[in-house]
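Here the structure is laid out as structure tokens; the discussion comes afterwards.
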Amino acid sequence: MGEERIAIYPGTFDPLTSGHESLIRRGLEIFDTVIVGVARDCGKNPLFSLEERVAIVEEVFKGTPGVKVMPFSGLLVEFAAQNRAKAILRGLRAVSDFDYEFQMALMNRKLEHSVQTVFLMSDLRWMYISSTNLKNVASLGGNVRGIVPDSVIPRLRKAYGLPEDWPECYSCECSPAFEDCGKGGRG
């Protein structure tokens, strides 16, 4: 038997989306182990704490062989080396992602030539999803069910102070940010 094929899938996962989940599961078809590296130093102002973000990913992948969840800080290639990972797994949604990801892959390769970057295209149904746009929708009371794992819904509800029946209450009355469409739902 050969050496274990380990990949790091890094991100802030604020929160984990169905697109992230899909990419991790697809990564397991290529790698023996996918370490989901939850970044502490993200240069962003996350909605969820590092501990909450780690807990979300652990909850979604509980009992899934081959998935490990680890917080990290510092250089990604150093984290990869510490965990014997030979690959960094990255998702591409659109051409706009490619320029940034290509630059990062080249920099990581310069820093640590033994670590490869492997790109997977996002599944078509998740191409438009980002943690940022789903948080914008959820903050206004919009329905994000199906674009985040079900276990993320209660956390978003709490973070944004949404009603107990959100997102099932997907109607005009739920959010003061939307006007009544006259159809008993959002227009």
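The values are calculated or read from the model by the stated rules, or taken from the named source; none is laboratory data. This one's a predicted model, so the numbers in the text were calculated from it and none came from an experiment. Counting neighbours? That spans all protein chains shown, and the Cβs are built from the backbone with ideal geometry, glycine included.
Structure data summary
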item	result
Residue count for segment 20-45, restricted to those that are at pLDDT below 95 and either polar (S, T, N, Q) or surrounded by 22 or more Cβ atoms within 10 Å (Cβ to Cβ) (or both)	1
Some residue of segment 90-111 being more than 19 Å from the chain's Cα centre (by Cα) and under 15 Å from Ala39 (Cβ atoms)	yes
Selection from segment 131-167 of residues that are at negative phi, of a type outside the set (A, V, I, L, M, F, W, C), surrounded by 15 or more Cβ atoms within 10 Å (Cβ to Cβ) and part of a loop (DSSP other than H, G, I, E, B)	Gly142, Asn143, Pro149, Pro167
Of residues in segment 93-121 being among the aliphatic types (A, V, I, L, M) and touching a residue at least 24 places away in the same chain (Cβ under 8 Å), the one surrounded by the fewest Cβ atoms within 10 Å (Cβ to Cβ)	Ala94
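For every residue, the table says whether it meets (1) within 18 Å of Pro154 (Cβ to Cβ); (2) in a loop (DSSP other than H, G, I, E, B); (3) without any contact (Cβ under 8 Å) to a residue 24 or more places away in the chain.
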residue	(1), (2), (3)
Ala7	no, no, no
Phe13	yes, yes, no
Gly19	no, no, no
Ile30	no, yes, no
Ile35	no, no, no
Pro46	yes, yes, no
Glu51	yes, no, yes
Glu59	yes, no, no
Lys62	yes, yes, yes
